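Please treat every number below as a calculation from the coordinates, not as lab data. Bear in mind the structure is a predicted one, so any value in this text is a computation, not a measurement. Quick reminder, even Gly has a Cβ in these numbers, built from the backbone with ideal geometry, and neighbours come from all protein chains shown.
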Amino acid sequence: MGSGLIEQVASGEAPPLVPITVEQLHRMLEKGIIRDGDPIELLEGLLVRKNRAAAGEGEMTHGALHAQVLTRLVRLDRALDPFGCHLRVQLPVTLSALSEPEPDLTIVKGSLESFAERHPGPQDVLVLVEVADSSLDYDRGAKLRVYAFAGVPVYLIVNIRERQIECYEEPLPGQGRYQRRTDYRKGETLSLPLAAGRTLPMAVDDAFGSAPR
């Protein structure tokens, strides 16, 4: 039996795929080819369905614990105004001509009004957050690579499986990786770097609370 198309493209046995650009994605949204709000994002020229499911569930579902953790973390927005930044929830970030992901959370410099005519770019992003359960390997792999290439300074994976927050810092854009990873567990607190050298504390328990293991 022959290999599938993706396998043949990867091995060089088939011609390369033609990437979709951010501009083309926006046109598809304008024309209704893709509906605004569909769980789809653009990574490295490929349209990818977002996976928010619990481990073992179908990827079309939205896991209850994923939703609970995200709802807890949205409360961070209350503390951001004094720092001149704000929180965006599952909204696009334009990282390159070929990548416009929709992270679970993004802490962005500037006011809401600053982005009335465009999505934030790498220069606007302070912290990106993905809440991961069944998507954990993907968030540690392809997502991390895209974020590091864009120079996102801090990338957090809220790891539901292991009840920890993984903090990736010091991106190496030319290599698509981060130099430093620190894991924070129950009872520990990390500091999120914001503008002008200030930081915002974030406790692991702020994400998980008393959620059952």
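Among the listed residues 148, 207, 142, 196, identify the single one that is under 21 Å from residue 71 (Cβ atoms) and assigned to a helix (DSSP H, G or I).
Sole residue among the options that is under 21 Å from residue 71 (Cβ atoms) and assigned to a helix (DSSP H, G or I): 207.
What number of residues within region 157-213 are among the small types (Gly, Ala, Ser), surrounded by 13 or more Cβ atoms within 10 Å (Cβ to Cβ) and out of contact with any strand residue (DSSP E or B) (no Cβ under 7 Å at 6 or more places or on another chain)?
2
Take the residues in region 3-26 that are among the aliphatic types (A, V, I, L, M) and assigned to a loop (DSSP other than H, G, I, E, B), then tell me which one is farthest from the chain's Cα centre (by Cα).
14
How many residues, within region 78-111, are aliphatic (A, V, I, L, M) and part of a strand (DSSP E or B)?
Final tally of qualifying residues: 5.
Give all pairs with beta carbons closer than 7 Å in which a residue from region 92-116 that is within 18 Å of residue 49 (Cβ to Cβ) meets a residue that is hydroxyl-bearing (Ser, Thr, Tyr); count only pairs at least 6 apart in sequence or on separate chains.
Listed pairs, sorted by first residue: 93/106; 98/21; 100/94.
Just one of the numbered conditions (1) surrounded by 17 or more Cβ atoms within 10 Å (Cβ to Cβ); (2) more than 14 Å from the chain's Cα centre (by Cα) is not true of residue 144; which one?
(2)
Would you mention how many residues in region 181-213 are farther than 19 Å from residue 106 by Cβ, more than 18 Å from the chain's Cα centre (by Cα) and not aliphatic (A, V, I, L, M)?
Looking only at that region, the number is 13.
Determine, yes or no, whether residue 128 is more than 19 Å from residue 178 (Cα to Cα), without any contact (Cβ under 8 Å) to a residue 60 or more places away in the chain, under 16 Å from the mean Cα position of the chain (by Cα) and assigned to a strand (DSSP E or B).
In short, no.
Exactly one of these conditions fails for residue 130: (1) under 30 Å from residue 18 (Cβ atoms); (2) out of contact with any helix residue (DSSP H, G or I) (no Cβ under 6 Å at 6 or more places or on another chain); (3) not aliphatic (A, V, I, L, M). Give me its number.
(2)
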